[in-house]
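The values are calculated or read from the model by the stated rules, or taken from the named source; none is laboratory data. These figures come from a predicted structure and were not determined experimentally. Note: ideal-geometry Cβ built from the backbone for every residue, glycine included; neighbour counts use all protein chains shown. Accessible surface areas use protein heavy atoms only, side chains included; no ligands, DNA or RNA. Shrake-Rupley method; radii C 1.70, N 1.55, O 1.52, S 1.80 Å.
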Amino acid sequence: MSLNMPLMMLVLYASIVAVLWFGGLQSWNGSLPVGQLIAIINYITQLLMSILMLSNMLTFFSSAKVSADRENEVFSTISEITDVDSAKKDSIHNGRIEFDNVSFSYGSTDDNLVLDGINFTAEPGETVAIRGATGAGKSTLVSLIPRLYEVSSGSITIDGSDTRKIALEDLRRRRGYVMQQSILFSSTIRDNIRYGRPEATDEEVEQAADFDCAALLIQPTILIMDDSTSALDVATESRIRQMLKKRLRSSTIF
Ligand SMILES: Nc1ncnc2c1ncn2[C@@H]1O[C@H](COP(=O)(O)OP(=O)(O)OP(=O)(O)O)[C@@H](O)[C@H]1O
Ligand SMILES: [Mg+2]
């Protein structure tokens, strides 16, 4: 595009200058009426503008192709995290979570450990707060629970089953995850709330919307809220906390 536009403009203006030069001389001699000269300039402008549009279309096509290729690449990516053959279904009941000497690093080597030897147990009905400086690894820690990443060493168990042996669908259906950066899909608010449970009735969706916290449509056993109330004012935050206490009495909340 950066070559195309200036080039086309150069051609356009050069043609107008040429027409003015040669046509102007003829007009001077009296062999070309001024009206015709202006008409010729108009025709040339229209013609070249159309060609300019056409060449713009070509650049649009090539940029669309690049985007489509990238999208296909994303869609055809196969997740490295998959169910094992003996994956257990329906093994999450209470939401007792145990971290046993969990270490994690984003790279393949263990040089840059984000988490190192984490041990703790979260009981059902408990609210666990994880605090730390920016980049300390809070988001990383909670993202290990639904197995968005695989632990490098150690293990995480939910109700006694290693998360690596729990069916992924189960693992992810039984927990709500309000991410640090939430995404709204370009659709209706209703569809966005219903995203976690497509079969929910209109009534349930409206009820969830009423409770200030659409994550709750799925009635999670485990609820992870990653900095999700930091953008709210104190009053709204405390309203949400009270609502959580009332509605998710037996859930494990991070
Ligand atoms: N996808 C990723 N790939 C590689 N490194 C990452 C990735 N995500 C996070 N990190 C690194 O891991 C470390 C922990 O990041 P994390 O996002 O868990 O911190 P945090 O405690 O949630 O921070 P914040 O308070 O800003 O939310 C940081 O050093 C970060 O740069
Ligand atoms: Mg974070």
Test for Ile78: is it of a type in the set (A, V, I, L, M) and either assigned to a helix (DSSP H, G or I) or more than 27 Å from the chain's Cα centre (by Cα) (or both)
no
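Could you tell me which residue of region 180-198 is least open to solvent (accessible area, probe 1.4 Å), considering only residues that are among the polar types (S, T, N, Q) and away from ligand 1 (no atom under 16 Å from the Cβ)? Steps first, please.
Narrowing region 180-198 to residues among the polar types (S, T, N, Q): 180-182, 186-188, 192.
From what is left, the residues that are away from ligand 1 (no atom under 16 Å from the Cβ) are 186-188, 192.
Numbers: Ser186: 128, Ser187: 67, Thr188: 75, Asn192: 34 Å².
Top of the filtered list is Asn192.
Taking the residues in region 97-117 that are open to solvent by 90 Å² or more (accessible area, probe 1.4 Å) and part of a loop (DSSP other than H, G, I, E, B) as candidates, determine which candidate is nearest to ligand 1 (Cβ to nearest atom). Can you show your working first?
Here is the first cut: in region 97-117, the residues open to solvent by 90 Å² or more (accessible area, probe 1.4 Å) are 106, 108, 110-112, 116.
With the extra rule that they be part of a loop (DSSP other than H, G, I, E, B), the set shrinks to 106, 108, 110-112.
Numbers: Tyr106: 3, Ser108: 11, Asp110: 14, Asp111: 12, Asn112: 8 Å.
Looking at residues that are open to solvent by 90 Å² or more (accessible area, probe 1.4 Å) and part of a loop (DSSP other than H, G, I, E, B), I get Tyr106.
Out of Leu20, Leu48, Leu52, report the one residue that is modelled with pLDDT of 90 or more, hydrophobic (A, V, I, L, M, F, W, C), part of a helix (DSSP H, G or I) and surrounded by 14 or more Cβ atoms within 10 Å (Cβ to Cβ).
Working: Leu48 fails: modelled with pLDDT of 90 or more; Leu52 fails: modelled with pLDDT of 90 or more.
One residue alone meets the criteria, Leu20.
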Only residues in region 175-193 that are modelled with pLDDT of 85 or more count as the first member; pair them with residues that are surrounded by fewer than 11 Cβ atoms within 10 Å (Cβ to Cβ) and outside any helix (DSSP H, G or I), Cβ under 6 angstrom, at least 6 apart or cross-chain, and list the lot.
Asn192/Leu184; Asn192/Phe185
Complete set of residues in region 223-236 that are modelled with pLDDT of 80 or more and surrounded by 15 or more Cβ atoms within 10 Å (Cβ to Cβ)
Leu223, Ile224, Met225, Asp226
Determine whether Val66 is farther than 30 Å from Gly154 by Cβ and open to solvent by 80 Å² or more (accessible area, probe 1.4 Å).
yes
Would you call Arg241 closer than 30 Å to Asp159 by Cβ and open to solvent by 30 Å² or more (accessible area, probe 1.4 Å)?
yes
Take Glu126 and tell me if it is open to solvent by 30 Å² or more (accessible area, probe 1.4 Å), more than 9 Å from ligand 1 (Cβ to nearest atom) and closer than 25 Å to Arg247 by Cβ.
yes
